[in-house]
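Data block below; observations after.
The values are calculated or read from the model by the stated rules, or taken from the named source; none is laboratory data. Since this is a predicted model, take the numbers as computed values, not measurements. Note that we place each Cβ from the backbone using ideal geometry, even for glycine, and neighbour counts take in every protein chain shown.
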């Protein structure tokens, strides 16, 4: 790389159409006042507004509700106990959203709150519903503000940190770039807080065990947050396998460094190990246990081979106990498996529309539904 080359971050951001930005509690909450750091939020909103003006879709994964709620509730909310953390999250979430709304209002950008638990990205039907909701908001020009639903999440259904939540969300919405903002400016060969000889690593093409061993735990000095470099690299691995690159960067300092990521602010870029489309197709085609079998006629089989969606009119039969969003195998009339995909109807409703043209689906089902039984985007050919 020469001095005339653009920074790695600038290249990654320019190439991305859909971006997920995660901001940690150590940046969002001022440790001296336990209040929202509005300077940082204002800076980040300005960056996101600029990206949106370039046609990009952006969503934010935001920590901070628990820290803000504890301040609001006072001393009784402090100390151990899941119920105290959940109560703090409930009290702090409205403060968090108010802060985000206020900084985006200056750019005439609508925000929308989304709260998820791990089940929402691990259970297929809920995953599909969440993906559809986020996709609709992005298409409408809104910036979804997402957080873990700490008010109801138990230890059994928690992500535990928003780095991994952000990676799962990036995977869910087929994002091109995940930006993890916190109190560190990327990966070093050792912890720079204790080792002055530590060297910054600007670019990682492949996450190896040796690189992951360089990660350190959460910054104890920050006083808030549950993650650290180890969780960021775990998140980056999830993202990379989903076709999404990851930028690990320090939130823009207030005075000493006004450089944006595009201008060369220090960070670590971790490349994607595949493409978004290839990762999604591989997940559908090889990583899921199927719940049913669909048989299609010759014309439909030829259409699927050309990249078309499976419509009810081409369907000959459907067997299995499957729900909306479950993976199914698709066979031709000779019993040869030709594809796998995520079905958009449950078994009971699908049995009512086998062989019907799209114009007859509403009458048969009693509700409005899209024409695709399995959309081509949710299908992997064999």
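General remarks:
- Of all residues making up segment 103-122, the number that are under 24 Å from residue 46 (Cβ atoms) and touching a helix residue (DSSP H, G or I) at 6+ places or on another chain (Cβ under 8 Å): 10
- Residue in segment 370-380 that is assigned to a helix (DSSP H, G or I), farther than 30 Å from residue 239 by Cα and touching a helix residue (DSSP H, G or I) at 6+ places or on another chain (Cβ under 6 Å) present: no
- Residue check, residue 351 more than 24 Å from residue 279 (Cα to Cα) and part of a strand (DSSP E or B): no
- For segment 75-84, the criterion of being assigned by TED's automatic domain parsing to the domain that holds residue 259, at pLDDT 90 or above and either touching a strand residue (DSSP E or B) at 6+ places or on another chain (Cβ under 6 Å) or at positive phi (or both) is satisfied by no residue at all.
- Taken over segment 63-74, the criterion of being in contact (Cβ under 8 Å) with a residue 12 or more places away in the chain, farther than 20 Å from residue 20 by Cα and either surrounded by fewer than 22 Cβ atoms within 10 Å (Cβ to Cβ) or under 18 Å from the mean Cα position of the chain (by Cα) (or both) is satisfied by 71, 72, 73.
- The residues of segment 46-62 that are crowded, with 17+ Cβ neighbours inside 10 Å and either outside the structural domain of residue 145 (by TED's automatic domain parsing) or free of Cβ contacts under 8 Å to residues at least 60 places away in the same chain (or both), listed by number, are 51, 56.
- The set of residues in segment 301-330 that are closer than 23 Å to residue 277 by Cα, surrounded by 18 or more Cβ atoms within 10 Å (Cβ to Cβ) and more than 30 Å from the chain's Cα centre (by Cα) contains only 301.
- Looking only at segment 163-193, and only at residues there that are in a strand (DSSP E or B) and under 20 Å from residue 241 (Cβ atoms), the one that is modelled with the lowest pLDDT: 187
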